[in-house]
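Since the structure comes first, as structure tokens, the remarks are kept for the end.
Bear in mind these aren't lab numbers, they're just calculated from the coordinates by the rules spelled out. Fair warning: this is a prediction, and the values are worked out from it, not measured in the lab. Reconstructed Cβ throughout: ideal geometry from the backbone, glycine too, with neighbour counts over all protein chains shown.
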Amino acid sequence: MPLALGIDPGSKFTGYGLVAKEGSRLHFIAAGRIATKASAPLSERLNQVFTGLRQVISRYSPDMAVVEAIFFAKIVRSAVRLGHVRGVALLAAAEAGLPVSEYPPATIKMAVVGYGQADKDQVGLMVKKILGLDHDLTEDAADALAAAICHLNQTPALSRGRS
């Protein structure tokens, strides 16, 4: 079963979600968030995200990583900070030798909800429905799972088995 690690980068919380695919069925493996100290310098926060992602990768041994692509932001400072966190996520995946795919938020929402402008609540509800979950997810974990679902469903060759 191919196992995808979805990553939703954020400077306060970076969500992660692991989804396996068996044939046409998707299976929830794990999800969570890496929280950073808001008062810490950016370099320390980036290190927390990097270390957290390395631990997730080490624990679950995913076959691939999926990262939400950058979108336009109104606040330049926030966009730059997000870019730093994305870079750390890409580095953690690359260090582990994982192939990385990136999708814009609208593509992920379209794949999961069927509407590219869906809000976070709609994404969370559909992720829970698709994966058959009965527990709540944080927004960032739901977004990370959505990224993994998007990739696994857009890549038919993955249904042939784990590489």
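A crude spin-label estimate for the pair residue 60 and residue 39, with each label 7 Å from Cα along the Cβ direction, gives 3.1 nm.
Applying 0.36 nm per residue to the separation of residue 121 and residue 77 and subtracting their alpha-carbon distance, the gain on full extension is 13.2 nm.
Between residue 1 and residue 154, the simple label model (points 7 Å from Cα in the Cβ direction) yields a spacing of 2.3 nm. In the elastic network of the chain, a GNM with C-alpha springs shorter than 10 Å, the most mobile of 41, 62, 105 is 41. Straight-distance candidates among the lysines for linking to residue 129, with alpha-carbon spacing under 26 Å and chain neighbours fewer than 8 residues away dropped: 21, 109, 120. If only the Cβ of Lys and Arg carry +1 and only the Cβ of Asp and Glu carry -1, the dipole of region 1-146 around its Cα centre is close to 300 debye. Please give every one of the lysines within straight-line cross-link reach of residue 12, meaning a C-alpha to C-alpha distance under 16 Å, and leave out same-chain neighbours fewer than 8 residues apart. Straight-line reach from residue 12, under 16 Å: 37.
Around the amide H of residue 30, modelled in the peptide plane, lie the amide H atoms of 18, all under 5 Å away and 5 or more residues distant in sequence or on another chain.
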